[in-house]
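Okay, structure first, notes after.
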Amino acid sequence: MIQHWPLYSEKLLNTLRRLTEVGLLSGTSGNISVCLRRDQQEGLILITPSQRLYQSLKEEDLVLVDFEGVVIGGDLAPSSETAVHLQIYKARHDVNAVIHTHSTYASVLAVSNTESLPILDELVVRTGGDVRIAEYGLPGSLDLANKIVHALAGRNVVLMKNHGLVGVGNTLEEVIQLCELVERSSEVLVMSNLAGGPNLIPENGIKFGSEVYKKRFDLLSKGSH
């Protein structure tokens, strides 16, 4: 096994509980992983199991897999979206946590093929601008994983067409906050369209927020190698 696995298990389960409490996860929808160890293109991740109710999950239900998707620890099958998580970790050395949700308003945008526009200052600072939509791919497929990685270039969150949301970051707490922000911003966008249409942040505000994000993103990327 790996040293400190119980510590990561506790953090992952706490993340599940928090996201379930705020409505970003429900039942068996979505999945979460954390990277425990990385060495170039090799590593280990701890990930939620497939088709298990989150409310009843215990530490022993989580699954440890290597970067090839081989189960190293745990008795259950890993998430059906394991390929998505692994491709992200392989492509992004600044990423140590991945959360995939089926949250309501983000899913509305994903289904209507509507990018999350830069309508809130905090969204631009935390995401770099708009939230792109990854092209449709079959659930659990390598094709879907590669499309998500492509859409994540220079970003830390992406909508999945007709599916949901994927957020990435250095820590689980960072990604939790990101997913909560994107869901709230998606709700604001949907409601503002009903109220006559949103006013976008002026160009200078978008430029400023994007530069703040890029500086932070660059620092994380350099510090992860």
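We did not get these values from a lab; they are worked out from the coordinates using the rules stated. Remember, it's a predicted structure, so these values are computed and weren't measured experimentally. All Cβ positions, glycine included, derive from the backbone under ideal geometry; neighbour counts span all protein chains shown.
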For region 5-223, the spread of Cα positions along each principal axis, largest first, Å: 52, 37, 30
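What net charge do the residues around Gly74 carry, taking every other residue with its C-beta under 14 Å from that of Gly74, with Lys and Arg at +1 and Asp and Glu at -1?
Working: positive: Arg52, Lys58; negative: Glu59, Glu60, Asp61, Asp66, Asp75.
Charge balance near Gly74 sits at -3.
Got a sec? How would Thr82, Thr114 order by Cβ neighbour count within 10 Å, fewest to most? Please report the intermediate quantities before stating the final value.
Numbers: Thr82 22, Thr114 16.
The most exposed by this proxy come first: Thr114, Thr82.
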Ranking of Arg126, Arg184 by count of other Cβ atoms within 10 Å, fewest first: Arg184, Arg126
For Ser103, Ser192, Ser9, order by how many other beta-carbon atoms lie within 10 Å, fewest first: Ser192, Ser9, Ser103
Region 5-223, relative contact order in percent, only Cα pairs under 8 angstrom and at least six apart counted: 20 percent
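So what's the back-of-envelope 222 nm ellipticity for the chain, counting only DSSP H runs of four-plus at -39500 (n - 2.57) apiece and dividing by all residues, rounded to 500? Could you put the intermediate results ahead of the total?
Values: 7 runs with 97 residues, N = 225.
After summing the helix terms and dividing by residue count, I get -14000 deg cm²/dmol.
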Region 76-84 - phi-based ³J(HN,Hα) in whole Hz, Karplus 6.51/-1.76/1.60, Gly and Pro as x: 9, 6, x, 3, 5, 9, 4, 4, 4
Top of Leu172, Leu53, Leu120 by mean-square fluctuation, Gaussian network on the chain, Cα under 10 Å: Leu53
Euclidean distance of C-alpha centroids, region 85-107 and region 172-190, integer Å: 13 Å
Counted charge near Ser141, where neighbours are those whose Cβ lies closer than 11 Å (Asp, Glu -1; Lys, Arg +1): -1
Anchor Lys90: lysines whose Cα lies under 29 Å away (excluding residues fewer than 8 positions away in-chain): Lys11, Lys58, Lys147, Lys161, Lys214, Lys215, Lys222
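Would you mind counting up the charge near Lys58? Only other residues with Cβ under 14 Å from its Cβ, with Lys and Arg at +1 and Asp and Glu at -1. Intermediate values should be presented prior to the final figure.
On the way: positive: Arg17, Arg52; negative: Glu10, Glu59, Glu60, Asp61, Asp75.
Net local charge, Lys58 excluded: -3.
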